[in-house]
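Nothing in this text is a laboratory measurement; each read-out follows from the coordinates by a stated rule. The structure displayed is predicted, hence computed values, not measured ones. Cβ sites come from the backbone with ideal geometry, for glycine too, and all protein chains shown count toward neighbours.
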Amino acid sequence: MKTVFIFHGTEGYPEENWFSWLKQELERIGYQVVVPQFPSPPVVAAKIAEWFDVLDEYSDRIDADTILIGHSLGGVFTLRVLEKLNCPIRAAAFVGTPIGVKAILNYDRDSAFSGFSFDWDAIKRSATEFLVFQSDDDPYVSLGNGEQLAKRLGVGLTFVPHAGHFNTAAGYSRFDLLLEKLKTIL
């Protein structure tokens with residue numbers, strides 16, 4: 001089964017940013033796309049266990065052909081999912097993902113979500129390919145996060161200047177570069 005998951009970030013939802021556009025584009029080429037709604041109240045930090053409870057509903061769809069895409073805190077969740085997988089998936093993509101390199105606007109809240117200590121060996125064994133996207137003017141997540149994430153995964157960073165947090169506020173209702181890079185994997 002060819003399935004792509006798109007994980008939103010803090011206070012996110014399935015129809016925001018470029019998610020609906022990418023879902024439609026990937027479905028057009030034969031992929032099933034799941035964009036789950038995770039609990040993410042604006043005042044209280046979300047709990048990662050609650051996100052795993054949501055993902056459990058789709059566990060039968062995660063296999064060697066699966067691609068995970070995480071935006072912002074959804075990228076942290078993607079890393080945690082990869083740590084737990086027993087067999088590798090096709091690919092994982094990270095967009096504006098905080099991994100603990102300051103400055104991170106919501107460092108304490110993001111750290112409370114899952115912490116920033118990762119099992120990089122387990123993560124690297126859990127996907128065949130990785131993509132990392134980061135901008136130089138992201139108001140939430142510094143460029144150093146993308147640089148370190150790419151380094152830890154052993155891949156090149158896809159640096160996108162002046163892309164902000166890759167969200168609608170930064171003009172990202174579609175994300176052509178992500179789709180283009182995904183198509184090389186597909």
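Annotations for the structure displayed:
Every residue, every condition in (1) hydrophobic (A, V, I, L, M, F, W, C); (2) out of contact with any helix residue (DSSP H, G or I) (no Cβ under 6 Å at 6 or more places or on another chain); (3) part of a loop (DSSP other than H, G, I, E, B), yes or no:
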| site | (1), (2), (3) |
| --- | --- |
| E147 | no, yes, no |
| A150 | yes, yes, no |
| A169 | yes, yes, no |
| R174 | no, no, yes |
| L179 | yes, no, no |
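- Whichever residue in the stretch 44-69 is of a type in the set (A, V, I, L, M, F, W, C), part of a loop (DSSP other than H, G, I, E, B) and surrounded by fewer than 12 Cβ atoms within 10 Å (Cβ to Cβ) and, among such residues, is nearest to the chain's Cα centre (by Cα): A64
- Residue in the stretch 148-165 that is surrounded by the most Cβ atoms within 10 Å (Cβ to Cβ), counting only those that are in contact with a strand residue (DSSP E or B) (Cβ under 6 Å, 6 or more places away or on another chain) and within 19 Å of G100 (Cβ to Cβ): L149
- Only listed residue being within 15 Å of the chain's Cα centre (by Cα), part of a helix (DSSP H, G or I) and farther than 19 Å from F19 by Cα, chosen from I99, I123: I123
- Among the residues of the stretch 15-30, those that are in a loop (DSSP other than H, G, I, E, B) and crowded, with 17+ Cβ neighbours inside 10 Å comprise E16, N17, W18.
- Residue check, D137 in a helix (DSSP H, G or I) and not aliphatic (A, V, I, L, M): no
So that you can scan it fast, the table gives a plain yes or no per residue for (1) more than 25 Å from S59 (Cα to Cα); (2) out of contact with any Leu (no Cβ under 7 Å at 6 or more places or on another chain):
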| residue | (1), (2) |
| --- | --- |
| P88 | no, yes |
| A127 | no, no |
| D136 | yes, no |
| G146 | yes, no |
| P161 | yes, yes |
| L177 | yes, yes |
| K183 | no, yes |
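- Within the stretch 171-186, considering residues that are crowded, with 18+ Cβ neighbours inside 10 Å and not aromatic (F, W, Y), the one nearest to I67 (Cα to Cα): L182
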